[in-house]
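For reference, the structure discussed in these notes is given below.
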Amino acid sequence: MIKFWFAFSLFLSFDLYSQNLVPNHSFEEYSNCPYEPSQLSFAFPWTTPSLGTSDFFHGCFGSCDPFFLDPICVPTNIFGYQHARTGQGYAGIYVYENTNYREYLQCPLITTLQAGEIYEVKFYVSLPDFVYPCASEIGLGFHHSSTFQSTYQPLTSFSSIFPPTSLLNDTINWMLISGDYVANGDEDHLIIGNFKGNSTTSHAGECGAYYAYYFIDDVSVMLKETSNNPEITHSTWNVYPIPASDFLMVDGLSFKESVEYTISNQFGVVVSSGTLIQNKIDISSLNQGLFILSLDGFTLKFIKSSGM
């Protein structure tokens, strides 16, 4: 990242009306404790979709330097003082910079959005304490696959599902950005950031100068109860733990005496197959990553971790 140094265990349940489809939504899970900026990839499965190198903050090392010298500690770091909204972790990105530099957060969804269904989408942001201007064009967009563009510039081929807000200038509280989204039916990744160039970005120098940076926490995509899809027949299917390192447990489906399963990577290549035994699947031989489990006509994504 271009840096200015002055400056879950999630239990995956297919109760579709209460399930957050964003894995590691509050940046609590990590493959390694971050020790310097630009280590978003430690908060698996979050990645960067461009050359902008986004940050991962966490309190996993314990107490922070009281003089703001710890680069990425929580709550005290080189950008200021802020507790995580939940837990000990959050991310951080530049959304405005006077040379048009941008940073983004990208994450796969646990399952593809359903066409015509309405989803409640939200995340929280906080402006750091130290000399950054506030901005309003920070949003979230969906995509049908993982993307990477070899640029430091704005990803103008994407657009936010949210309209611009008022200037986000609170350095004390977490500010909510939220809205409803009607799915096309192929969205399986999200991207957070400012998709506009400097000329169309509202910002205020009263908050600082040259560039705007925000902490981000608690990202959520959930099917609204007002949705009316009568075809959901596997709403109680559970797999756990998420992330899983050695074994994946399957719960909530009435299987036949034996049922075959396949596991594919995110590119559709089958990497494992077998027969479900005692509702347990051995995934210890898989590499870390996002995978798709298929059995008895149903499919579901899960995350394989390296273990800690």
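The values are calculated or read from the model by the stated rules, or taken from the named source; none is laboratory data. Please read all numbers here as calculations on a predicted model, not as lab measurements. No Cβ is skipped: glycine too gets one built from the backbone with ideal geometry, and neighbour counts run over all protein chains shown.
Of all residues in segment 62-79, at least one satisfies being farther than 30 Å from G185 by Cα, buried (at least 19 other Cβ atoms within 10 Å of the Cβ), aromatic (F, W, Y) and assigned by TED's automatic domain parsing to the domain that holds A212. Number of residues in segment 58-88 that are assigned to a loop (DSSP other than H, G, I, E, B), at pLDDT 90 or above and touching a Cys at 6+ places or on another chain (Cβ under 9 Å): the value is 6. The residues of segment 131-168 that are touching a strand residue (DSSP E or B) at 6+ places or on another chain (Cβ under 6 Å) and farther than 16 Å from N194 by Cα amount to a single one, S146.
Being modelled with pLDDT under 85 and polar (S, T, N, Q) is the filter here, so list the residues in segment 250-274 that pass it. The answer is S254, S258, N265, Q266.
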